[in-house]
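What follows is one structure encoded as structure tokens, with my remarks underneath.
Just so it is clear, none of the values below were taken in a lab; they were calculated from the coordinates. The structure displayed is predicted, hence computed values, not measured ones. With ideal geometry, Cβ positions are generated from the backbone for all residues, glycine too; neighbour counts draw on all protein chains shown.
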Amino acid sequence: MDRRLLALLLAGFFLAAAPGAPGAPAAVRITDDTGDIIRLDAPAMRIVTLYAAFSDILAGMDLADRIVGRTKTDDAVSPNIPSVGTHMRPSMELVLGLKPDLVLQMGGRAEAAQSVADLRRNGVPTAFFRIRTFADLFSVIRRVGALTDAAGNADALILSLQARLDALHGTLDAAGPVRPTVFFEVRYPNLLGAGPDSMVTDIIRAAGGRNILAQENSSRTGRIVRLSEEELLRLNPDAYCVQQGPMNKNPVPLAERPHFTTLRAVVSKRILTVDEHLFSRPGPLAVDAAETLAKFLHPGLFPLTQEYPAP
């Protein structure tokens, strides 16, 4: 059995070669995260990525040269590649003008799903994915590998990322059951935190911590959670991560926020400012994020690469 086909079957997805002349490019078929079947007459060679994580994935598979269009904030590819607008509101005219044989879109708000519907009405094959865990990420990489006839590249990327996660897990085993609670600030003021259904929760878990907004006894759901400062004080996390980027451009230092001075994380100075793109973009860089956070949460386990003071 073809190794690419076997890998996809094990992942729960189906890849089929369409009948045709000998040597002709094989048709491919996968199921995206809406349950829709995406069929291509031949492997995708002209791809528009409507979310930067897909550009990261294709670059990690050595397929960045197949990207012909990107969003205006996508820094994962050359700025010379044409922009088609934003993740939520891409320009249909610009996308169609690039004549893609595949568009990749990330699940999120309703606008993202609307762009998929609009593109499909215009005859553009568009795959819609959601990534909330490392398992989701690896599944998407496999399916992108199928759509591009690059299963070997996909497998190599997954094996590399999984090996790093396994190494991190092995190191963190030395910490025993100690798993500090972490609050991940998405935005301030009008406080938003990373919720239980976000990739950040899996990053925190892989880094040897616990997302305080994803406690087992919590009724919170969603990728992003709105909460009051009073609620944050009640939760009182051991460590505090502040993302800096488009959603949180110039975060006020926690020590300068009057209501935050009594937080356990502030008192113990366990505060980490991180790049929003590294932590909130669910692609291969999420493994880098987990490694960075692990060194912050458990500095004693990383003596040769210690970057943060022990609490």
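Quick one: length gained pulling D65 to Q244 fully straight, 0.36 nm per residue minus the C-alpha distance? Difference between extended and current length: 61.5 nm. Measuring nothing but alpha carbons in segment 70-131 and taking Rh as the Kirkwood radius, the Rg to Rh ratio lands at 0.93.
Dipole of segment 19-92 computed with +1 at Lys/Arg Cβ and -1 at Asp/Glu Cβ about the Cα centre; of F54, V84, I67, farthest Cα towards the positive end is V84. Under 22 Å between alpha carbons: how many lysine pairs meet that in the chain, if sequence neighbours fewer than 8 apart on the same chain are excluded? So the count works out to 4.
When only the Cβ of Lys, Arg, Asp and Glu is charged (+1, +1, -1, -1), the dipole of segment 22-162 relative to its Cα centre reaches about 280 debye. Here each label is just a point 7 Å from Cα along the line to Cβ, and for A167 and H259 those points are 4.3 nm apart. Computed on the chain, the Cα convex hull volume stands at 149 Å³ per residue. Once backbone amide H atoms are built at 1.01 Å from N, T273 has V242 as its partners under 5 Å, excluding neighbours fewer than 5 places away on the same chain.
DSSP beta bridges confined to segment 29-112 are antiparallel in about 40 percent of cases. Averaged over residues, the count of other Cβ atoms within 10 Å places the peptides 257-266, 63-72, 277-286, 27-36 in the sequence 277-286, 63-72, 27-36, 257-266, highest first. The string of couplings for segment 137-150 from the Karplus curve (6.51, -1.76, 1.60, θ = phi - 60°) is 4, 5, 5, 5, 4, 4, 6, 5, x, 5, 5, 10, 6, 9 Hz, one whole number per residue in order, with x for Gly and Pro.
Put a dot 7 Å past the Cα of S219, heading toward its Cβ, do the same for D36, and the two dots end up 3.5 nm apart.
Round to the nearest 0.05 the FRET efficiency obtained for E230 and Q114 when R0 = 30 Å and r is the Cβ-Cβ distance. The formula returns an efficiency of 0.25 here. Farthest towards the positive end of the charge dipole of the chain, among the residues P180, I224, L254, is the Cα of I224, using unit charges on the Cβ of Lys, Arg, Asp and Glu. Quick check on segment 122-190: take the gyration tensor over C-alpha atoms, sort the square-rooted eigenvalues as a ≥ b ≥ c, and tell me if it's rounded (a/c under 1.5), prolate or oblate. Because a/c hits 1.5 or more and a/b fails to exceed b/c, segment 122-190 counts as oblate.
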